[in-house]
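Visitor: This is the structure I want to talk about, given as structure tokens.
The values are calculated or read from the model by the stated rules, or taken from the named source; none is laboratory data. Remember, predicted model here, so these are calculated numbers, not experimental data. Methodologically, a virtual Cβ is constructed for each residue, glycine included, from the backbone with ideal geometry; neighbour enumeration extends over all protein chains shown.
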Amino acid sequence: MLPCGGTFDVDPASYSPEARLAELDRSGLRRAVVSLPPTTEPTPELIAAWHEGALELWTSTDGRILPLAYSTANPLFPGAILPAPQLGDDPQLLTRLDQQGQFVFVHPGAAVPSSPSWRTAGVAYAQQMLDAYVYWLATGGQRWPRLAVVFALLAGGAAFHLERFIRRGLDPRAAQERTVWLETSSYGERALELSLQTFGVDAHVFGSDAPIDTVVKALTPTRAFGPGVADTLLTNSPLEPTSGPKARWAA
């Protein structure tokens, strides 16, 4: 039972390292970046347990599963997941992540459930992502121009709204920053086609939202664009080899 999000059925076995590795193998993928999603409304105790277990997860899977820190700039991790509504709330955190050569994965936060159930993910989560993306266009990208930022859910369908933003005064160059990435989870061919045409293939990274969704289902619209596009989406990554602690995550 979540304080804000209500009650959900969870199968712990589907989240096990063995299940996740098996799905990677079935899908022909070498590795995956995983995180503790803000939508689970994690308590400080759960976050502490995640950070401890996540480092063991990386070791036990021979680096195939790369976990992110939760809303902290821990140099032992390749980056951090941040709730979209809080993206700009802690400038010092973003500065530390930037200085340490890490990246940010912006993910929806908690939302009050709607009826029918798909409205929460389809409207509330997407709105959070679009708000966070617009913040980055207007402010964040100028303040942290080197910080790599990955926006889940195609940044709330940013490609659909971009022309309107520009008609109302946005500098088109702000939307073409090479440090901004859009993650593809839960979208199909139509949305992906528009986003790929708008921002370019190199600005996207593949995402599956597994185990809520399956990697195989997420791969279907990705592979519909042909092997060249699919291979690019599956190999694009904000991870870069560096000196220091983060180098252990580059594979």
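Visitor: Looking at the structure I just gave you, is Glu41 in contact with a strand residue (DSSP E or B) (Cβ under 7 Å, 6 or more places away or on another chain) and not β-branched (Val, Ile, Thr)?
Guide: Yes, satisfied.
Visitor: For the condition acidic (Asp, Glu) and either touching a Ser or Thr at 6+ places or on another chain (Cβ under 8 Å) or closer than 18 Å to Leu239 by Cβ (or both), what is the one hit in Glu163, Glu183, Glu189, Glu193?
Guide: Criteria check complete, one pass: Glu183.
Visitor: Please go through segment 218-233 and pick out each residue that is part of a helix (DSSP H, G or I) and under 14 Å from Leu192 (Cα atoms). Quick ask: steps written out before the conclusion?
Guide: Residues of segment 218-233 part of a helix (DSSP H, G or I): 218-223, 227-233.
Those that are part of a helix (DSSP H, G or I) and under 14 Å from Leu192 (Cα atoms): Ala218, Leu219, Thr220, Pro221, Thr222, Arg223, Val229, Ala230, Thr232, Leu233.
Visitor: While we're looking at this one, here's another question. Name the single residue, out of those in segment 59-81 being of a type in the set (S, T, N, Q) and not in a loop (DSSP other than H, G, I, E, B), that is surrounded by the most Cβ atoms within 10 Å (Cβ to Cβ).
Guide: Out of the qualifying residues, it is Ser60.
Visitor: May I ask you to list the residues in segment 99-149 that are assigned to a helix (DSSP H, G or I), out of contact with any Gly (no Cβ under 9 Å at 6 or more places or on another chain) and under 26 Å from Thr43 (Cα atoms)?
Guide: Trp118, Arg119, Ala121, Gly122, Val123, Ala124
Visitor: Moving on. Taking Glu189 and the conditions (1) under 20 Å from Leu130 (Cβ atoms); (2) modelled with pLDDT of 90 or more, which numbered condition does it fall short on, given that it satisfies the others?
Guide: (1)
Visitor: Taking segment 218-230, which residues are more than 15 Å from Ser185 (Cα to Cα) and either in contact (Cβ under 8 Å) with a residue 40 or more places away in the chain or surrounded by 14 or more Cβ atoms within 10 Å (Cβ to Cβ) (or both)?
Guide: Listed by number, the residues that qualify are Phe225, Val229.
Visitor: Among the residues that make up segment 237-244, is at least one of them touching a strand residue (DSSP E or B) at 6+ places or on another chain (Cβ under 6 Å), in a loop (DSSP other than H, G, I, E, B) and modelled with pLDDT of 95 or more? Give the derivation first.
Guide: Let us first name the residues in segment 237-244 that are touching a strand residue (DSSP E or B) at 6+ places or on another chain (Cβ under 6 Å), namely 238.
From what's left, in a loop (DSSP other than H, G, I, E, B): 238.
Restricting the remaining residues to those that are modelled with pLDDT of 95 or more gives none.
No: segment 237-244 contains no residue that is touching a strand residue (DSSP E or B) at 6+ places or on another chain (Cβ under 6 Å), in a loop (DSSP other than H, G, I, E, B) and modelled with pLDDT of 95 or more.
Visitor: Quick one: Asp171 ticks every box in (1) among the acidic types (Asp, Glu); (2) more than 19 Å from Ala80 (Cβ to Cβ); (3) in contact (Cβ under 8 Å) with a residue 24 or more places away in the chain bar one, so which box is it?
Guide: Every listed condition holds for Asp171 apart from (3).
Visitor: Mind listing just one residue for me: the one in segment 100-120 that is at pLDDT 90 or above and of a type in the set (Val, Ile, Thr) and, of those, surrounded by the fewest Cβ atoms within 10 Å (Cβ to Cβ)?
Guide: In this case the residue turns out to be Thr120.
Visitor: For segment 72-119, which residues satisfy the criterion of being over 18 Å from the mean Cα position of the chain (by Cα), more than 22 Å from Ser237 (Cα to Cα) and in contact (Cβ under 8 Å) with a residue 24 or more places away in the chain?
Guide: If the condition is that a residue be over 18 Å from the mean Cα position of the chain (by Cα), more than 22 Å from Ser237 (Cα to Cα) and in contact (Cβ under 8 Å) with a residue 24 or more places away in the chain, then Pro91, Val112, Pro113 are the ones that fit.
Visitor: With the condition kept exactly as written, say whether any residue in segment 35-47 is under 13 Å from the mean Cα position of the chain (by Cα), hydroxyl-bearing (Ser, Thr, Tyr) and under 22 Å from Leu147 (Cβ atoms).
Guide: yes
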